[in-house]
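Engineer: Here you go, one structure.
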Amino acid sequence: MTKHFLLITIYLLLIQSEGRRFNANVEDSSTSVKPSMVVLPNLTLSGTTLETFTSVTRAGGMSGGIARVLDGCTRGPQKPLAIKEGTTLSQALDIVAGNDTRSEWHITDAVVNMLPVGPVPPLLQVRIHGFKWDQNASAADGIARLRDSVEVMERARQLGLEMGPYEGSATAICIRNCSESPKSQPSWKVEKDATLLTLLNRMVQAHDRVIWAYSENHCGKTNRFLLETIAE
């Protein structure tokens, strides 16, 4: 009896060590990706939570998305982050989340998400009734079209959010071969009645190591949001 109790206790501890989980408001599903099995190289980083999350997630070979709600007019504080070789992706994500006590992470459909503790930002929960996107086109193109959709813009208006300026942002950074390449045949995917968060994850999951980023800035009397493609 004591042996069985010990085995159950160890099993529960292993589950709890698999990263900090979100509340039930986030749409989730099982995935074969195991961040606890992905080993990272040495990483010496410094930046905002958005920047360190992007570097760690891409170093782990995964796509991801991050949402932040910021008080003030900045992109968040910059902090150093050192990851030792041999650290697992799940451990590194715990460190990133630990640097920002208002955020926690989980995996949805093989995509790493870092969202605020508590409810998901309301704009990310808006439902898109119908959306068509090309899986062979850039994620930046699809996400920009999604951002400009009627449902998103109308919900933003209801929430009192203005679309922020994108000058000087990290939108659609070219990471690998930036030369012009022949356009491939479209591979259309039709989405019906899905949340903005779900569609963003599906778009980056279709590409290699792409990160979407949503931020709200409550700056004085102005409330703004940004929805960007950070790395592609």
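Engineer: Take region 200-223 and flag every residue that is on the phi > 0 side of the Ramachandran plot and in contact with a Ser or Thr (Cβ under 8 Å, 6 or more places away or on another chain).
Structural biologist: ARG209
Engineer: Here's another thing I want to ask about it. Can you give me the number of residues within region 61-82 that are of a type outside the set (Lys, Arg) and buried (at least 22 other Cβ atoms within 10 Å of the Cβ)?
Structural biologist: 6
Engineer: Condition first: under 15 Å from VAL204 (Cα atoms) and at pLDDT 95 or above. Can you find one or more residues in region 90-111 that meet it?
Structural biologist: yes
Engineer: Then there's this: Would you be able to say whether some residue in region 167-184 is surrounded by 15 or more Cβ atoms within 10 Å (Cβ to Cβ), within 21 Å of VAL69 (Cβ to Cβ) and modelled with pLDDT of 95 or more?
Structural biologist: No, there is no match, as no residue in region 167-184 is surrounded by 15 or more Cβ atoms within 10 Å (Cβ to Cβ), within 21 Å of VAL69 (Cβ to Cβ) and modelled with pLDDT of 95 or more.
Engineer: When you scan region 40-150 for strands (runs of 3 or more DSSP E) that lie fully inside it, which ones turn up with 2 or more residues that are within 14 Å of the chain's Cα centre (by Cα) and in contact (Cβ under 8 Å) with a residue 12 or more places away in the chain?
Structural biologist: 63-71, 103-108, 111-116
Engineer: Going residue by residue through region 116-128, is there one that turns out to be closer than 27 Å to HIS218 by Cα, touching a His at 6+ places or on another chain (Cβ under 9 Å) and at pLDDT below 95?
Structural biologist: The answer is no, given that none of the residues of region 116-128 is closer than 27 Å to HIS218 by Cα, touching a His at 6+ places or on another chain (Cβ under 9 Å) and at pLDDT below 95.
Engineer: Among what's in region 129-155 and is over 30 Å from VAL56 (Cα atoms) and in contact with a strand residue (DSSP E or B) (Cβ under 7 Å, 6 or more places away or on another chain), pick the residue that is surrounded by the most Cβ atoms within 10 Å (Cβ to Cβ).
Structural biologist: Checking each candidate, the answer is PHE131.
The values are calculated or read from the model by the stated rules, or taken from the named source; none is laboratory data. Bear in mind that the values here come from a model prediction, so they are computed numbers and not experimental data. A quick note on method: Cβ atoms are made from the backbone with ideal geometry, for glycine too, and the neighbour counts reach across all protein chains shown.
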